[in-house]
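The values are calculated or read from the model by the stated rules, or taken from the named source; none is laboratory data. Remember, predicted model here, so these are calculated numbers, not experimental data. No Cβ is skipped: glycine too gets one built from the backbone with ideal geometry, and neighbour counts run over all protein chains shown.
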Amino acid sequence: MAKAKIAFIGVGIMGKPMAKNLIDAGYELVVYDINQDAVNEVVDYGAETADSPKEAAERTEVIITMLPDSPQVKEVALGDEGLIEGVKQGQIYIDMSSIEPLVTQEVAEKLREKGVKMLDAPVSGGQPGAIEGTLAIMVGGPEKVFEECREILKVMGKNVVRVGDIGSGQTTKLVNQIIVAINIAAMSEALILGKKAGVNPRNIYKAIRGGLAGSNVLDAKAPLITNRKFEPGFRIDLHIKDLANVFRTSHQLNVPLPLTSLVMEMMQALKVEGHGGLDHGALALFYEKMTNIKIE
């Protein structure tokens with residue numbers, strides 16, 4: 001789609017750099033967020049501002065939301081002064097939040113009645129990927145609409161894939177979050193064993209990263225853990241939120257997830273100890289507390 005004017009709602013830790021990348025690519029943006037300081041930063045970068053999601057929708061052709069969870073998406077899309085009160089026939093709505101697939105389908109159906117086309121397009125890659133424009137974007141929705149929006153999505157992501165109909169992007173994100181959580185836990189558990197046996201964890205990482213145990217998770221998180229850098233790229237609190245959506249969906253589908261359940265309890269324990277604001281790589285702290293060993 002040629003340089004449509006875009007409403008961007010939700011300019012937090014992920015949305016802010018995504019919005020800035022769109023501005024850098026030449027798109028006009030109208031932004032809205034309840035955090036006025038975040039809005040001001042993006043406005044200073046070149047965006048316009050709106051007083052409500054409704055107004056943002058009225059002034060643009062494409063709408064993007066990047067919000068914390070399902071309730072916020074429903075409120076912004078369908079609530080008072082929400083998108084549904086300002087949208088126009090033929091408009092496109094791309095929700096890049098990570099929410100429940102059933103909520104995505106509900107919102108899409110309500111907006112379809114207004115003539116709005118929708119994609120669900122959650123992302124993976126954390127704040128670094130958002131800043132660099134290298135996110136993995138998992139897209140659900142009509143293929144024609146996906147093709148119309150491909151260029152917009154490619155500004156924010158390196159790997160942009162349509163995985164199926166509306167809601168399938170969110171399902172794919174849930175799968176992604178399961179794999180990431182279990183990978184971080186497995187890596188932490190293994191590095192604790194290596195450290196206890198007297199092998200430098202950095203050397204273990206260098207030795208295994210090119211083999212079958214290598215992964216993007218290992219490359220992204222092992223160096224941070226060994227250097228004790230737990231500043232959030234993706235917070236434990238947010239991963240807990242995503243896994244809660246995983247379990248709501250798995251229970252509806254009668255799918256048992258025993259490994260995911262274990263990792264969720266580890267994250268909950270870390271949250272109780274006040275670590276919910278740390279990066280999800282801080283799962284290593286759970287193992288460190290049990291063994292009184294630091295992975296460093």
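Just for segment 10-53: of the residues that are among the hydrophobic types (A, V, I, L, M, F, W, C) and in a helix (DSSP H, G or I), which one is surrounded by the fewest Cβ atoms within 10 Å (Cβ to Cβ)? Selected residue: 43. Annotation note: of 180, 246, 263, the sole residue that is touching a strand residue (DSSP E or B) at 6+ places or on another chain (Cβ under 8 Å), closer than 27 Å to residue 96 by Cα, at pLDDT 95 or above and β-branched (Val, Ile, Thr) is 180.
Comparison of 152, 99, 137 shows that the only residue that is in contact with a Ser or Thr (Cβ under 7 Å, 6 or more places away or on another chain) and buried (at least 21 other Cβ atoms within 10 Å of the Cβ) is 99. Being small (Gly, Ala, Ser) and not in a strand (DSSP E or B) is a description that does not apply to residue 7. Among (1) aliphatic (A, V, I, L, M); (2) under 28 Å from residue 131 (Cβ atoms); (3) touching a helix residue (DSSP H, G or I) at 6+ places or on another chain (Cβ under 6 Å), where does residue 244 come up short? Answer for residue 244: the failing condition is (3).
What do you reckon, is residue 204 part of a helix (DSSP H, G or I), in contact with a helix residue (DSSP H, G or I) (Cβ under 6 Å, 6 or more places away or on another chain), farther than 22 Å from residue 14 by Cα and assigned by TED's automatic domain parsing to the domain that holds residue 278? Here the answer is yes, as residue 204 does meet what is asked. Number of residues in segment 226-260 that are assigned to a helix (DSSP H, G or I), within 19 Å of residue 69 (Cα to Cα) and not polar (S, T, N, Q): the value is 13.
Within segment 86-101, if we keep just the residues that are over 14 Å from the mean Cα position of the chain (by Cα) and either assigned to a loop (DSSP other than H, G, I, E, B) or of a type in the set (A, V, I, L, M, F, W, C) (or both), the residue that is farthest from residue 163 (Cα to Cα) turns out to be 86. Looking only at residues in segment 109-149 that are in contact (Cβ under 8 Å) with a residue 60 or more places away in the chain and within 17 Å of residue 5 (Cα to Cα), the one that is farthest from the chain's Cα centre (by Cα) is 148.
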